[in-house]
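A.B. asks: Structure incoming, see below.
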Amino acid sequence: MFMTKLKLGIFASLVTIILVSLLGVRELFLPGYFESHDGIIHVMRLAHFDEALRAGQFPVRWLSTWMAGYGSPIFNFNYTFPFYLGSFLHAFGLSFQSGIEVLLITGYLLSGIFCFLFLKELIGNNLAATVGSILYTWAPYRFTNIFIRGALGEATSFLFLPLVFYLAVKTYKLKNGRLQLLSGFVWALFILTNNLIAAFGAFLFFIYLICLVILRLANLNLLKNSFFAFILGLGLSAFFWLPSLSETKFTSYLEVYGDVKNQFVSLASVLYSPWHYAYAVPSNQEFSMSFQIGLVQIAVAIITFIIFLTKFKKVKSILNFNAAFFILITIFSIFMSSGFASSIYKIILALSIISFPWRFLAVATFSLAIIAGIFIAYMKNFSILLAVSISFGVIFLYWPYSKIASWKFSATDSEYRNMIKTNINFLPDTEFLPKGAQYLKLLEERGPASLRPFFEDDTVRSKIENIQNKNLFHTANIVALQPTEIRANTFYFPGWKLYVDNQESLINKDQYGLIKFTVNSGSHDIRLILKNTPIRTLGNTISITTFLLLVFLLIRENMKRFKRSFLSKFLKILQG
C-alpha cells in the first residue's frame, strides 16, 4: 500500500512538472519559427550538417557547402550532438526548423524531470522536488536562452546538470555498475551538447563530491566511481574536444570572442533588468537583453539562508550541507559573471575561451532550483501552502518572459540550405573561419562558390576536365601548357592534402585564404582530400578505444548479474 502511494505521488509530480513545463514553451508549438540571436543560424547549420552526414562524413567536422560553398571547419569546434539528433528527426520527415524546436522542447521537459529525480534522491520529498523542478524550468535565464538567444546547445545542456548528479548519487546508493557506465555515456553527451556548460558542470560536480567526502557524508567510493565515469565520458567524446582545444588557434575565434571585459554583468541586472529582444550589451542595460536569474528564486535563497542559520543544529546535516553548498555556489556563479571577477580572468587567461562571463548564470539557475527544494523541505509545517504559492508566483511573474520576444520567421528546408546570410543580413560563423581568411572580400569580389567550378585557372593556360566533388574528396584532370597556378574554391585548413599524379604536393593559399597550388606543364591527375590531422586521429582513436572498453565493461557487468541471479535460483532449488 505504501509503495502504491509512493509511486502515485511520483507519477503525480512528474505529470505536474511536464504540464507546467509545456506551458513554459507553449509558443514553440506554434507554426513557423522565430528570430533570435542564433536560432536561424542553427537551422542553417543543421541543413548543411545533414548534407555532410548524408554524404558519409562521420564524425562531421567540415561543412563543404557552408560559408557560401567555400567550406568551414565549424563542427571541429562547435558542439555536435543536437545536430545529429536534428538530422535524425529530419530523416523522419521533420523540417529543419521544426527539428530545432523539438530539440528545444524536449531538452526543456527533460531538464525538469531530471531535476525532480535528483532532488527526490537528495531530499526524499516529492513536493520539495516538484517545486525545485518548477523553479528550474521557470527561470528567466532559461527563457533568455530559448526565446532571445536561441542558444540550442546551452538550452538543451540544462537537462544534463541534474542528470549527472542524480546518476552519481544513485550509483553510490545502489552500487550499480551499469549505472556507472551509463553515467560515463551521459557525461560524453553532455560534453557533445555544450562543452563549456559541461566544464562548468564538472567543476561544480567534483567540488560537491569532494566536500561530501571531506565532511564524511559519503565515502571515497562516491568520488572514485564518479571520477571513473567522468573519464569514460572524456574518452568517448575525445574525438570532439581534443581537436577543438588543440586547433582553435588555427581559427579567428579568440580574436573575435577572446576579450571578456565588455561582457561582465552588474549585480543589479542579475536581480532585475528590462525584458525585451536585444543583444548582450551589459554596459548599457537599456539596450541589452536581460540577465535576470529570478527575483522569486533569489528571495527563496535568502530566506533559506536565514533558516539555515537559525536551524543549523536541528536539521539533518546532509540537508544543511546541501543548503550551504548551493548557496555558496550561487554566490560564486554570480560573482564570476560580474566585473568583480575581472582580475581572475586576467590571471587565468584560459577563462577567455568562455567569451561571455554571464554564462555562469546557468550554474546559478541550477543551484537556485536546488535551494528552492531544500527550502520546502525546511518548511515542513507550511510546505503545501508555500509550494503552491511559489509555483504559481513564478508562472505569474515570468509568464511574459515565456514567449517569443522578437518576430516570427519561417523558411523551407531548401531556402535554409541556400541562405548565405541570415534573415537580418548577418554573416554567421565567421569566427570559425581559418585564420587569415578574407570571407567578406571574397564574397564581394567573387560571389558564392557555386558560381565557379571547384578547380579553376585565372590565367586560362590550362584545361581542367572531369571535376568530381564528393564532400571531402575532389578530383580533376588538368592539362597545363606551362607551369600554372590553380585555385581550389575552398578555404585552406590543416588536414587538406594535395596529390598530383599520386604524389603529395605543396599547398599554398591565395589572398582570400582559398587553396592554391602549382602544376607543371603536361597532363595531371589531381586529388584534393581533407584528412584527419594527428590530433584528430588521436581523438578518434581514444573515442573508439573507450567505446570498446565501455562495451566490454557492460558485458562483464551483465555476466556478473546473470551469475548472481543464476546462483541465487540454484541455491533456492537446493534448499527447496
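The values are calculated or read from the model by the stated rules, or taken from the named source; none is laboratory data. Everything numeric in this text was worked out from a predicted model, so none of it was measured. Please note: Cβ atoms are built from the backbone with ideal geometry, for glycine as well, and neighbour counts cover all protein chains shown.
A.B. asks: Please verify whether Ser383 is of a type in the set (S, T, N, Q) and either free of Cβ contacts under 8 Å to residues at least 60 places away in the same chain or over 22 Å from Ala151 (Cβ atoms) (or both), treating the condition exactly as stated.
C.D. replies: Values: of a type in the set (S, T, N, Q): yes; either free of Cβ contacts under 8 Å to residues at least 60 places away in the same chain or over 22 Å from Ala151 (Cβ atoms) (or both): yes.
For Ser383, the condition - of a type in the set (S, T, N, Q) and either free of Cβ contacts under 8 Å to residues at least 60 places away in the same chain or over 22 Å from Ala151 (Cβ atoms) (or both) - is met.
A.B. asks: Determine whether Ala47 is in the same structural domain as Ala411 (by TED's automatic domain parsing), in contact with a strand residue (DSSP E or B) (Cβ under 6 Å, 6 or more places away or on another chain), touching a residue at least 12 places away in the same chain (Cβ under 8 Å) and aliphatic (A, V, I, L, M). Please lay out each step first, then the result.
C.D. replies: Working: in the same structural domain as Ala411 (by TED's automatic domain parsing): yes; in contact with a strand residue (DSSP E or B) (Cβ under 6 Å, 6 or more places away or on another chain): no; touching a residue at least 12 places away in the same chain (Cβ under 8 Å): yes; aliphatic (A, V, I, L, M): yes.
For Ala47, the condition - in the same structural domain as Ala411 (by TED's automatic domain parsing), in contact with a strand residue (DSSP E or B) (Cβ under 6 Å, 6 or more places away or on another chain), touching a residue at least 12 places away in the same chain (Cβ under 8 Å) and aliphatic (A, V, I, L, M) - is not met.
A.B. asks: Moving to a separate point now. Report, ordered by the first and then the second residue, all pairs with beta carbons closer than 6 Å, sequence separation of six or more or different chains, a first member in region 456-485 that is hydroxyl-bearing (Ser, Thr, Tyr), and a second member that is assigned to a loop (DSSP other than H, G, I, E, B).
C.D. replies: Thr484/Asp457; Thr484/Arg461
A.B. asks: So, one more: Identify all residues within region 240-260 that are acidic (Asp, Glu) and assigned to a helix (DSSP H, G or I); write none if there are none. I'd like the intermediate steps shown before the answer.
C.D. replies: Of all residues in region 240-260, those acidic (Asp, Glu) come to 247, 255, 259.
Glu247, Glu255, listed by residue number.
A.B. asks: For Leu267, which of the numbered conditions (1) closer than 30 Å to Leu181 by Cβ; (2) in the same structural domain as Ile74 (by TED's automatic domain parsing); (3) of a type in the set (A, V, I, L, M) fails to hold?
C.D. replies: Here Leu267 meets the rest and fails (1).
A.B. asks: With the condition kept exactly as written, say whether any residue in region 41-55 is surrounded by fewer than 19 Cβ atoms within 10 Å (Cβ to Cβ) and outside any helix (DSSP H, G or I).
C.D. replies: yes
A.B. asks: From the list Ser13, Ser21, which one is assigned to a helix (DSSP H, G or I), more than 19 Å from the chain's Cα centre (by Cα) and within 24 Å of Ala198 (Cβ to Cβ)?
C.D. replies: Details: Ser13 fails: within 24 Å of Ala198 (Cβ to Cβ).
Sole residue among the options that is assigned to a helix (DSSP H, G or I), more than 19 Å from the chain's Cα centre (by Cα) and within 24 Å of Ala198 (Cβ to Cβ): Ser21.
A.B. asks: Next up: Mind checking which pairs have a first residue in region 143-155 that is at positive phi and a second that is buried (at least 24 other Cβ atoms within 10 Å of the Cβ) and not in a loop (DSSP other than H, G, I, E, B), Cβ under 6 Å, 6 or more apart or different chains?
C.D. replies: Between residues of region 143-155 that are at positive phi and residues that are buried (at least 24 other Cβ atoms within 10 Å of the Cβ) and not in a loop (DSSP other than H, G, I, E, B), the close pairs are Gly150/Gly39.
A.B. asks: A further question on this structure: When residues of region 230-249 are filtered for being surrounded by 19 or more Cβ atoms within 10 Å (Cβ to Cβ), over 15 Å from the mean Cα position of the chain (by Cα) and closer than 21 Å to Phe491 by Cα, how many remain?
C.D. replies: Selection size over region 230-249: 2.
Conditions tested, residue by residue: (1) under 23 Å from Ser288 (Cα atoms); (2) of a type in the set (Ser, Thr, Tyr); (3) touching a helix residue (DSSP H, G or I) at 6+ places or on another chain (Cβ under 9 Å).
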| position | (1), (2), (3) |
| --- | --- |
| Tyr345 | yes, yes, yes |
| Ile354 | yes, no, yes |
| Trp358 | yes, no, yes |
| Ile371 | no, no, yes |
| Phe375 | no, no, yes |
| Leu385 | no, no, no |
| Ile390 | no, no, yes |
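A.B. asks: Also, quick follow-up: Just for helices (runs of 4 or more DSSP H) wholly inside region 298-405: which have at least 1 residues that are under 27 Å from the mean Cα position of the chain (by Cα) and charged (D, E, K, R)?
C.D. replies: It comes to 342-347.
A.B. asks: Please determine whether any residue of region 408-419 is within 34 Å of the chain's Cα centre (by Cα) and under 30 Å from Ser133 (Cα atoms).
C.D. replies: Start the filter on region 408-419 by keeping residues that are within 34 Å of the chain's Cα centre (by Cα), which leaves 408-419.
Adding the requirement that they be under 30 Å from Ser133 (Cα atoms) leaves 408.
Yes.
A.B. asks: Moving on to the next point. On the given criteria, is Thr106 part of a helix (DSSP H, G or I), at pLDDT 95 or above and surrounded by 23 or more Cβ atoms within 10 Å (Cβ to Cβ)?
C.D. replies: no
A.B. asks: Here is a further query. Scan region 408-447 residue by residue and report those that are of a type in the set (Phe, Trp, Tyr) and under 18 Å from Ile100 (Cα atoms).
C.D. replies: Hits for region 408-447 are Phe409, Tyr416.
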